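The structure under discussion appears below in the form of C-alpha cells.
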Amino acid sequence: ILRPGEREFSNGDLYSGELKGSLPHGKGKYEWSDGTIYQGDWYEGKISGKGKLVWPSGAKYEGDFSGGYLHGIGTMTSPDGSVYSGAWRMNVRHGLGRKEYCNSDLYDGSWKEGLQEGHGSYSWTNGNRYIGNWKNGKMCGRGVMRWANGDLFDGFWSNGFRHGSGVYKYVDGCLYYGAWSHGLKDGKGVFYPAGSKHPSLKKWCRSLQHDDTGKFVLSRSSSINVEELRSLSTVTPSLSVKTSVSGASKTLSERFRDENLRVSEPPPSDFTCHGPSSKSARSSGSGQREGQDKNRVVYEREYMQGVLIRETITSSVDRSHKIRPPNLPKQVKSRNFMTFLKGEHNYYLMLNLQLGIRYTVGKITPVPRREVRASDFGKKARTMVYFPRDGSNFTPPHKSIDFSWKDYCPMVFRNLRAMFKLDPADYMMSICGDDGLTEICSPGKSGSIFYLSHDDRFVIKTLKKSELEVLLKMLPKYYRHVGDHENTLITKFFGVHRIKLKLGKKVRFVVMGNMFCTELKIHRRYDLKGSTQGRITEKTKIQEKTTLKDLDLAYEFHMDKLLREALFKQIYLDCAFLESLHIIDYSLLLGVHFRAPGQLNDTLEPPNVMSDQESVSSVDVGMAQELSIPPKGLLLVTHEPNSVNTAPGPHIRGSTLRAFSVGEQEVDLILPGTARLRVQLGVNMPAQAHHKLDEDKEESATIELFEVYDVVVYMGIIDILQEYNAKKKVEHKCKSLRYDPMTISVTEPKVYSKRFVDFLHKVFPEET
C-alpha cells in the first residue's frame, strides 16, 4: 500500500514522497544534510528508475538509476561545464557515450570502466581529430589522426603514441610508409616525394571510416543519440540490495560525492595530440632531390628513435609492389610440414590449443606441488582427454571440431613454470585470453608453424615426431640443468602437448618463452650457428623483421668486461650440456636494439616555440619528441630494485649482472628518455656495435651515416632438438670443403660446439 508522507532522519536527511511501509517506494524527493538532492523513482528504499540528482557543487545527473547507482542511460553535467551523455554502469561511464570537455574537446565512442576503450573519435579544439581504437583512455590499436594543417597518419598506436607500422601523408603530397616506436620513426621505411608513384592508399583506408583523400566519413552530426541508446538498454532493479534507508543514506551520499569529484576533473593530459613529424624529418635530403625526376625517385630510409641513419635512393617503380598495408594478411611461404593446416583448419587448431592449455593448467594447478619423481618423466606420465563439440562431464562445449588432447609430463612442466616464476593465471590468460593467438611466419626451413600470444610473451611451435622424442628424452637432464643454472641461455619450455583431430592428423607442439618480449624495439634479428654454408639471406627477401644469418652480421659487439665474462661462462656451460646430449645444429638467437646516435644533437633544428596562450591539450609535442635526442645513448648505474621492474618474464629468470665499469656492482641500464631496465644475462645487456666496413665493396646509393652505435642486446640458445646421428651425417657435396668445420652445416657435437663458441668470440670480441 503506497501512501504519501515525509520522514526526517536523525542525521538531518529529509524524504518526502511515496512510502511502502517505512521505505521510500515510488516517486519521491530525498535531501541530504550536505545539500545533495535527488528527485525521482524509488524501489523498496533504493534509488531505482528514472530521476535527477543534483550536488551542492553544481554538478547534476539526469537519467537511469538502479540499486542506488548511476546505471543505464543518462547525462552528467560537471561543475566545470563538461557534459557526458551515454551509458553508465555502477557509477562509471561504460558503453557508448559522448563527452564534451570544458575546453570544447569532444569524444564520441565506446567507454569501459570510466575510460575510453574500443572504437571512438576524439576532436581537439585546434582542429586535430583522431578516429580509431582506444584502450585504458589512450589511443591504442589501429587509428587515423588528421592534424589541422592537413597532415594525416594512418596506422597503429600504443599508449597514446604512434607505435607500429603506418603511413604518414603530408599536406604537400609527400608520403612516408614505415614504422614508429613511442611516437618516433624507428626502423625501415620508404619516403615518396610529392608527385612520385606510390602504392594506393585505398588499401590502407579500407578498414577505417575515411576515404583515400583523408576526409572522415564520421562527422560531428553522427554523435551518440541518448534516446537511441535508451531504447537499446534495459535497466532492472537486479542490483538492489535491501538495506535500511537511514543506513544507506550516508553511503549513497558519499558515493555520489566521490563520483562528483571524478567527473569534474579536466580532460587528462593523455589526450595531448602527438602532432605531425618535424619539418627537418620531412625535408631531410631535400637538397638531394633537386634536379631528380620526382616521378621515379624514392628514398628507402632507416631511423633510430627519430634520427635518420641510413638512406638509399631507388626507383618508385621498383618499390611500389613491395609496400603492404598492415591490415592485409602476412605473406606465408609454402610449408613442407602439415600443409593441411590452412584456413579453417588452422583456426580450429588455435581454438584447440587454447581449450587444451586452459584444461591442463586448470587441472594441475590445484594439485599440491611436490618434487618430481622418475615416474613423472616416464611414458605413463601422460594425460589424455577427449573434447567433443557439445561438451562432456569433464570438458566445456566449444565452437571448434572434435579433438583429442594429450598432455606430456604435466607435473614436470608445472614445476618448471614455477621454477621460472611464472604465475599460472598469467600464463593461462596470456595464451587462452579472448584476444587469441597470432600466426607468424616461420624463420627457418623446418616448416614448423609458429603462434604468438596476444601479449607477445609466449611462442608456440609445432614439432615433428622426432623433435618430440628428443625433447622427452632430454627432459630429465634439462630439468636439472635449468634448476642448477638460473642464468641459462637455453630456451625455456613451459609445456608440451599433442592434438589429434577428427581426421586422424596429429599435431605436436611446445610452448616457449619469447626472448624478444621487451618494451624496446628490436631492430635486427640474427640466427647464428657459426657456419658459412648457406648462412646468408637474399637481399631481395630482407624485410624489417627478417631473421638474418651469420654472413649477414656486419657488427662486432663490445661489452663491459664482467658482462662478457658472465656471458661466455654460461655459453660454455650450456654448450657442454648440449654436447653431453649429442645435440647439434643449435643457434644463438640475437636481437639488437639500436640507440639513436648522439652525434646529431648539434645539427638538429630546435623545435618551434609555441605561444604561451595556446591550450595545453593542443600543443604539438610530436615535433619536440622527434628532435629531443639524449646526449648519451646508454648509462650503467648501480642496481636499485625499487626503481626497475623485477618481475620475472617468459625469458627472464636469472640474477642481476655486475659490471666492471660500475665498481663490480649489480647494475641497471638507463636509456635517457625511455626507461630504466634491469641487466640480466641475455636480457637488457648494453654494448657498442662496431660496423665492419668492407673496403672492397663497390660504391652504391646507400649512405651509411655511422660506424659505432650504442645497442641493447637480447639473446638465447634455440633449436636444441636436433640429435646427432652418425649414419645421417650431412656433409657438403664438394670434397675440398668436406672437412672444413666452417662449411659443414651439421657435424659431430664436439666439433659443432667448438665452432659455435669460436664464432661467438668473434661476434663479442675481448677488449685489448
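The values are calculated or read from the model by the stated rules, or taken from the named source; none is laboratory data. From a predicted model like this one, the values you see are computed outputs, not experimental measurements. Please note: Cβ atoms are built from the backbone with ideal geometry, for glycine as well, and neighbour counts cover all protein chains shown. SASA here: full protein model, heavy atoms, side chains in, ligands and nucleic acids out. Shrake-Rupley method; radii C 1.70, N 1.55, O 1.52, S 1.80 Å.
Applying the criterion of being within 47 Å of the chain's Cα centre (by Cα) and open to solvent by less than 30 Å² (accessible area, probe 1.4 Å) to the residues of segment 8-40, the residue that is farthest from Gly68 (Cα to Cα) is Thr36. Applying the criterion of being open to solvent by 50 Å² or more (accessible area, probe 1.4 Å) and not in a helix (DSSP H, G or I) to the residues of segment 353-372, the residue that is nearest to Phe458 (Cα to Cα) is Thr365.
Of the candidates Tyr107, Tyr43, the single residue that is within 23 Å of Asn136 (Cβ to Cβ) and among the aromatic types (Phe, Trp, Tyr) is Tyr107. The set of residues from segment 485-500 being open to solvent by 10 Å² or more (accessible area, probe 1.4 Å), over 24 Å from Leu528 (Cβ atoms) and touching a helix residue (DSSP H, G or I) at 6+ places or on another chain (Cβ under 9 Å) comprises just one member, Arg498. Taking segment 459-535 as the region of interest, the strands (runs of 3 or more DSSP E) fully inside it that hold 2 or more residues being within 19 Å of Tyr427 (Cβ to Cβ) are 493-501, 506-513. With respect to the conditions (1) open to solvent by 40 Å² or more (accessible area, probe 1.4 Å); (2) touching a Gly at 6+ places or on another chain (Cβ under 7 Å), Gly109 lacks only one, and its number is (1). In this entry, Tyr43 is excluded by the filter for residues that are crowded, with 17+ Cβ neighbours inside 10 Å, of a type in the set (Ser, Thr, Tyr) and modelled with pLDDT of 90 or more. Of the candidates Asn133, Asn159, Asn149, Asn126, the single residue that is in contact with a helix residue (DSSP H, G or I) (Cβ under 6 Å, 6 or more places away or on another chain) and open to solvent by 10 Å² or more (accessible area, probe 1.4 Å) is Asn126. The set of residues from segment 458-483 being buried (at least 19 other Cβ atoms within 10 Å of the Cβ) and among the charged types (D, E, K, R) comprises Lys461, Glu467.
Residues are listed down the side, and each one gets a yes or a no for (1) within 18 Å of Lys406 (Cβ to Cβ); (2) in contact with a His (Cβ under 7 Å, 6 or more places away or on another chain); (3) touching a residue at least 12 places away in the same chain (Cβ under 8 Å):
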{"residue": "Asp434", "(1), (2), (3)": "no, no, no"}
{"residue": "Asp455", "(1), (2), (3)": "no, no, yes"}
{"residue": "Lys461", "(1), (2), (3)": "yes, no, yes"}
{"residue": "Glu469", "(1), (2), (3)": "yes, no, no"}
{"residue": "Leu472", "(1), (2), (3)": "yes, no, yes"}
{"residue": "Lys477", "(1), (2), (3)": "no, no, yes"}
{"residue": "Leu489", "(1), (2), (3)": "no, no, yes"}
{"residue": "Phe493", "(1), (2), (3)": "yes, no, yes"}
{"residue": "Arg498", "(1), (2), (3)": "yes, no, yes"}
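Restricted to segment 543-561, and to residues there that are open to solvent by 40 Å² or more (accessible area, probe 1.4 Å) and touching a helix residue (DSSP H, G or I) at 6+ places or on another chain (Cβ under 8 Å), the residue that is nearest to Phe594 (Cα to Cα) is Glu556.
Any idea which residue in segment 71-84 is nearest to Glu44 (Cα to Cα), counting only those that are in contact with a helix residue (DSSP H, G or I) (Cβ under 7 Å, 6 or more places away or on another chain) and surrounded by 23 or more Cβ atoms within 10 Å (Cβ to Cβ)? Within segment 71-84, the match that is nearest to Glu44 (Cα to Cα) is His71.
Looking across segment 522-542, the residues that are on the phi < 0 side of the Ramachandran plot and either among the aliphatic types (A, V, I, L, M) or open to solvent by 40 Å² or more (accessible area, probe 1.4 Å) (or both) come down to Ile522, Arg525, Leu528, Thr532, Gln533, Ile536, Glu538, Lys539, Thr540, Lys541, Ile542. Checking Leu578, Leu562 one by one, the residue that is aliphatic (A, V, I, L, M), in contact with a Ser or Thr (Cβ under 8 Å, 6 or more places away or on another chain) and not in a loop (DSSP other than H, G, I, E, B) is Leu578 and no other.
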